[in-house]
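Below: one structure, written as structure tokens.
Please treat every number below as a calculation from the coordinates, not as lab data. All of these numbers come straight from a predicted model, not from anything done at the bench. Methodologically, a virtual Cβ is constructed for each residue, glycine included, from the backbone with ideal geometry; neighbour enumeration extends over all protein chains shown.
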Amino acid sequence: MARVANHLELLKRVKSVFNDGDSESKTLALVLFGCWADFANDNAQIRYLILSSLVSPHDCEVRASLFASGCFCEISNDFACITLEMLFNIMNSPAASLPIKLAVARIFAKFKCSYSVAKKAYKIGLELISNSSNEDILVIMLFSLSKLASISTLLTSNHVEFLVSFLERQLTSHVRETVLRCIYFLFRNNPSLKLYSNTSFEVPDGQYMELSPSEYEAWKGDWTDDEMLELNKLFSHSEVLNCIV
């Protein structure tokens, strides 16, 4: 912001391009609006252009507006609340293409402007997960909600419990691996979760969870053996970790 003397003039010129340009011009303009969210966020006209573009018939414009929306949602409560309702409708619309729904799923990680908004987005995200049978959407939603939940110890602890309960379902190896990766991401980024380590996490029917060597290495990521052992201590009564560490 300090480098530009007249932010309104910038927005005015790019808005003119959006109004008079073709689909490609509109797409580029929307991306710029997102990049300039720190000073465009209070402009009602720019907000309207972004929100109205979420229902554009052109997928490239919708994806650009999703990018801009994500940028605005990180800093604006009221914009985030409006966007959240629109995203929910898109995800439940049979007319929306799979690439658009995948892009929407990624945006759920962006609702970090306040705890109240994050909590609302998290709740809606869980509903979308429960209503979806598409593996690609499930994977992205699980990652997005894990990133969102990481902003709060309370949300994180709730999400860990959800993830572990999610393992009780009949899951593909890809989704199962994603769930385990999310659990480790949450513990790695929230050391205070040690306070919640007394929660009983068990695999259904007391069965051990088996991972192939390739699944284990992908799931472990760049964790060291010492880190794995330390995390295992947090779940001293957890079947999930005892079976793989």
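Of note:
- Summed residue charge, Cβ within 14 Å of residue 137's Cβ, Lys/Arg positive, Asp/Glu negative: -1
- Footprinting exposure proxy for 33, 79, 108, 143 (fewest neighbouring C-beta atoms within 10 Å first): 143, 79, 108, 33
- Cα gyration tensor shape for the range 1-131, rounded if a/c is under 1.5, else prolate or oblate: oblate
- Counting charges near residue 109 (Lys, Arg +1; Asp, Glu -1) among other residues having Cβ under 10 Å from its Cβ returns a value of +3.
- Neighbourhood charge, 14 Å Cβ-Cβ cut-off, centred on residue 66 and excluding it, Lys, Arg +1 and Asp, Glu -1: +2
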